[in-house]
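Here it is, the structure in full.
Nothing in this text is a laboratory measurement; each read-out follows from the coordinates by a stated rule. Owing to the predicted nature of the structure, the values given are computational and were not obtained by experimental measurement. Positions of Cβ are backbone-derived with ideal geometry, glycine not excepted, and every protein chain shown enters the neighbour counts.
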Amino acid sequence: MVIERFRNGDAKTIGDRFRSQGRMLPEGVTYVASWMDAKEMRCFQLMEAESAEALEPWVGRWADLVEFEIVAVEISQEFWARVGTND
């Protein structure tokens, strides 16, 4: 999960770059979905990648406009199958 915080609340500049250059994802990273928090000027994006490091080229392309927080998440069912339960 990628949490983007728009620097200076500047959604227009981000939108302009996206329209002109696209998402600019590196090979091996797949965009799944995103949700906007217009009040706080944040975007929550779900990406698929082998590791957080795979996102680094993409982060570098947007770092002048966006602050990033990357959180590794997994499907709940897969998590519980891996760790079991404490019955």
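In segment 32-66, what count of residues is obtained for those that are surrounded by 15 or more Cβ atoms within 10 Å (Cβ to Cβ), of a type in the set (Lys, Arg) and more than 18 Å from residue 22 (Cβ to Cβ)?
1
Please enumerate the residues belonging to segment 67-87 that are more than 30 Å from residue 16 (Cβ to Cβ) and in a loop (DSSP other than H, G, I, E, B).
Initially, segment 67-87 is screened for residues more than 30 Å from residue 16 (Cβ to Cβ), giving 72, 74-87.
The answer is 72, 74, 75, 84, 85, 86, 87.
Give the residue that is farthest from residue 69 (Cα to Cα), with candidates limited to residues of segment 1-55 that are under 9 Å from the mean Cα position of the chain (by Cα) and touching a residue at least 60 places away in the same chain (Cβ under 8 Å).
Selected residue: 1.
Taking the condition aromatic (Phe, Trp, Tyr) and surrounded by 12 or more Cβ atoms within 10 Å (Cβ to Cβ), does residue 18 pass? Can you show your working first?
Values: aromatic (Phe, Trp, Tyr): yes; surrounded by 12 or more Cβ atoms within 10 Å (Cβ to Cβ): yes.
Spelling it out, residue 18 is indeed aromatic (Phe, Trp, Tyr) and surrounded by 12 or more Cβ atoms within 10 Å (Cβ to Cβ).
Any idea how many residues of segment 58-87 are aromatic (Phe, Trp, Tyr) and either within 16 Å of residue 29 (Cβ to Cβ) or in contact with a Lys or Arg (Cβ under 6 Å, 6 or more places away or on another chain) (or both)? Reasoning before the result, please.
At the first step, the residues of segment 58-87 found to be aromatic (Phe, Trp, Tyr) are 58, 62, 68, 79-80.
Narrowing further to those that are either within 16 Å of residue 29 (Cβ to Cβ) or in contact with a Lys or Arg (Cβ under 6 Å, 6 or more places away or on another chain) (or both): 58, 62, 68.
Within segment 58-87, residues that are aromatic (Phe, Trp, Tyr) and either within 16 Å of residue 29 (Cβ to Cβ) or in contact with a Lys or Arg (Cβ under 6 Å, 6 or more places away or on another chain) (or both) number 3.
Considering only segment 35-66, state which residues are of a type in the set (D, E, K, R) and closer than 14 Å to residue 11 by Cβ. Reasoning before the result, please.
Here is the first cut: in segment 35-66, the ones of a type in the set (D, E, K, R) are 37, 39-40, 42, 48, 50, 53, 56, 61, 64.
Passing the criteria: 37, 39, 40, 42.
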